[in-house]
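**Q** Okay, handing you the structure first.
Here, each number is a calculation from the coordinates, and none is a lab measurement. These numbers come from a predicted model, not from an experiment.
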Amino acid sequence: MLGLSGFALLVFSLVKRKHNPKSVEEIIESKKSPKKSKVEKREKELIVTEIFDYNGVKILHEKGIYTVNDRGIVAQHSSWDSLPKRYQRMILELDQRSQGQKGEDYFLEMLNGFYYISEPNGKKKRYDSIEDIPPRIRKNVGL
């Protein structure tokens, strides 16, 4: 009796190992679509998101849809053409700045009581007070 039950367990374990269960959806998908390379799969999964911030107006661009947050009012636009001209100009100006086509842009940061000015050439200069910043640069920064 013990031998028979041992034989039955052996048979069941072998049958269980041979059976590789796949869901019906996996079988159907594997038959429908040919094998794709890993690079094509990565490119398909890649989603590019652009975020623009223009004086507090935030514009998010993802999959051709523009989401605009203007002073707490959120609006969604389905394409570039449906985006109001005001926001189109903001995006174009930020694109030109990022490509270095704009004139002299200075940016001001204040960290730990020091003033840091980012110059158009990418260098940062540290100043102890606002009065130490040259007047020409203060005017460009808006001080």
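**Q** What full-extension length gain, to one decimal in nm, is calculated for R136 and S79 as 0.36 nm per residue of separation minus the Cα-Cα distance? Could the numbers behind the result be given before it?
**A** Numbers: separation 57, 0.36 × 57 = 20.52 nm, distance 4.03 nm.
Gain on stretching R136 to S79: 16.5 nm.
**Q** So which of K85/K124; K63/K123; K58/K139; K58/K123 end up more than 32 Å apart by C-alpha? Please list the in-between numbers first.
**A** Values: K85/K124 34 Å; K63/K123 35 Å; K58/K139 25 Å; K58/K123 27 Å.
Distance filter (> 32 Å) returns K85/K124; K63/K123.
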